[in-house]
Amino acid sequence: NYLAVPLLAVDALAREVDRIGALARRLVGQVLRGEAASPQVPLRQVLERLDHAADAFAERIARAAMSPMASARLPDVLRVQRYYQTAVARAAEAAALGPGVAHPPQWPAERCVQAALEVLAACEPGVPAYRSAEAQQAMEQHYQDLKAQWLLAAAQGQVRMEAMEAGLEQASALRHALQQLGKARQRSAAWDAALATDGVAGRPIPEAQHG
């Protein structure tokens, strides 16, 4: 019974949040690649069930008497879960605005999509946290370029204002989703480093990442 040992219970919750994160990254990747919306629906349903289960478990943990380390870690685990929830919600908003990443005429979106996918890859477990920050910086430049091109295309009458607004809204939603995944990776990496130093029974301790 994990709840009898709150630190192990928090660790179990962290593993469940890791599962949520893997599905969140998968969903964001589907939206970025412009995959059909139909596979995203069951994936979002699975994510919702996992979120509800994690929330219920977290409430049970919070009612138990916790050690200082468990008390310190639980808020961070919950924060990472919220990052994933926001990423999923924003990706769903982007998907509702159309498949793939919308872009102005005669402006290739491949560079922007590739930069976003590199951010996504940098958010995978085991990747040094600094790579996520570097990928985010590179993506930001592409995002600003895309934003400028949308505004220019609308100003020159190449696209309707509604199309520009939808394109900017979609790009902003995807950017925010990726930022949330990056924050989750940064927070998780900080705990991985702490666990590599202090250790927690019942969970393999990864090597601390440097740089």
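Structure summary
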read-out: Among residues of the stretch 4-34, those that are under 26 Å from V101 (Cα atoms), among the β-branched types (V, I, T) and without any contact (Cβ under 8 Å) to a residue 60 or more places away in the chain, counted; value: 0
read-out: Tabulated pairs, the stretch 164-189, first closer than 11 Å to V28 by Cα, second open to solvent by less than 20 Å² (accessible area, probe 1.4 Å) and outside any helix (DSSP H, G or I), C-beta under 6 angstrom, 6+ apart or interchain; value: L181/C123
read-out: Among (1) within 17 Å of C112 (Cα to Cα); (2) at pLDDT 95 or above - the single one L146 does not satisfy; value: (2)
read-out: Hey, Q106 open to solvent by 20 Å² or more (accessible area, probe 1.4 Å) and outside any helix (DSSP H, G or I) or not; value: yes
read-out: Count - residues of the stretch 157-175 that are open to solvent by less than 60 Å² (accessible area, probe 1.4 Å) and closer than 30 Å to P125 by Cβ; value: 5
read-out: Residue in the stretch 22-29 that is at pLDDT 80 or above, open to solvent by less than 50 Å² (accessible area, probe 1.4 Å) and more than 20 Å from R79 (Cβ to Cβ) present; value: yes
read-out: Failed condition for R185, given (1) closer than 30 Å to D76 by Cα; (2) open to solvent by 60 Å² or more (accessible area, probe 1.4 Å); (3) of a type in the set (D, E, K, R); value: (2)
read-out: Selected residue [farther than 26 Å from Q149 by Cβ and open to solvent by less than 50 Å² (accessible area, probe 1.4 Å)] from L117, L32, L74; value: L74
read-out: Selection within the stretch 120-156 - open to solvent by less than 60 Å² (accessible area, probe 1.4 Å) and in a loop (DSSP other than H, G, I, E, B); value: C123, G126, V127, P128
read-out: Those residues of the stretch 94-116 which are over 16 Å from Q170 (Cβ atoms) and modelled with pLDDT of 90 or more, in sequence order; value: Q114
read-out: Qualifying residue in the stretch 125-139 (condition: within 19 Å of R44 (Cβ to Cβ) and either more than 12 Å from the chain's Cα centre (by Cα) or modelled with pLDDT of 90 or more (or both)); value: no
read-out: Test: residue in the stretch 87-98 that is buried (at least 21 other Cβ atoms within 10 Å of the Cβ) and not hydrophobic (A, V, I, L, M, F, W, C); value: yes
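The values are calculated or read from the model by the stated rules, or taken from the named source; none is laboratory data. What you see is a predicted model, and the numbers here were worked out from it, not measured in a lab. Please note: Cβ atoms are built from the backbone with ideal geometry, for glycine as well, and neighbour counts cover all protein chains shown. The area values use the complete protein model at the heavy-atom level, side chains included, leaving out ligands, DNA and RNA. Shrake-Rupley method; radii C 1.70, N 1.55, O 1.52, S 1.80 Å.
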